[in-house]
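Undergrad: Okay, handing you the structure first.
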Amino acid sequence: MRAVGLSFAKIASIKDLARKTLDGVVPPSEILHTLGDDEIVERITQVRGIGRWTVEMMLMSRLGRPDVLPIDDFGVRNGFRLAYGLRGMPTPRALAEFGARWAPLSLGGGVVPVARGGPASRGQTTRAGHADPRSRS
């Protein structure tokens, strides 16, 4: 693997991924699709070199779960700050609480994404009862 340009760290990560796949920590695709987001994150982040952000991107792009909100991602947090005119960067917790209003609702067996809140909802609270983050700026 070094001969094709992989670093020692990448080789160690690939070997750990293979080992954890064989041990069942990383489940096969057919099982992966049946697991919840949190369980997938918990299991796959046990692999050397794979963090929460990587798994969240996989959840969205490979598993088709568009309702994942990567609250630790700087770009997402900064985009939220800019979109809602906040002076400071929102904390991951504040973003998660606000983002709960965007979670899809299950209707008749299908999942329908519903935007709750937004620019027209100034002063509203989240489902958890927390104030709209724009009012904290």
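Undergrad: Looking at the range 2-61 from every direction and averaging, what is the projected area of its Cα convex hull in nm²?
TA: 4.5 nm²
Undergrad: Apply 1/(1 + (r/R0)^6) to the Cβ-Cβ distance of ASP73 and ALA3, taking R0 = 22 Å, and write down the FRET efficiency to the nearest 0.05.
TA: Using R0 = 22 Å, I get an efficiency of 0.05.
Undergrad: Can you run phi through the Karplus equation (6.51, -1.76, 1.60; θ = phi - 60°) for the range 12-22 and list ³J(HN,Hα) in whole Hz, with x for Gly and Pro?
TA: For the range 12-22, the Karplus-derived couplings read 4, 5, 4, 5, 5, 4, 4, 5, 6, 5, 5 Hz, x marking Gly and Pro.
Undergrad: Calculate one ³J(HN,Hα) per residue across the range 65-74 by plugging θ = phi - 60° into the Karplus curve 6.51 cos²θ - 1.76 cosθ + 1.60, and present them in order as whole Hz with x for glycine and proline.
TA: 10, x, 8, 6, 10, x, 5, 8, 6, 4
Undergrad: Enumerate the amide H contacts of ASP67 below 5 Å, restricted to partners 5 or more residues apart or on another chain; note that Pro and chain-start residues carry no placed amide H.
TA: Amide H neighbours of ASP67: none.
Rule-based calculations on the coordinates, nothing more; no lab input. Model, not experiment: these values are computed from the prediction. Here the Cβ is made from the backbone with ideal geometry for all residues, glycine too, and neighbour counts use every protein chain on show.
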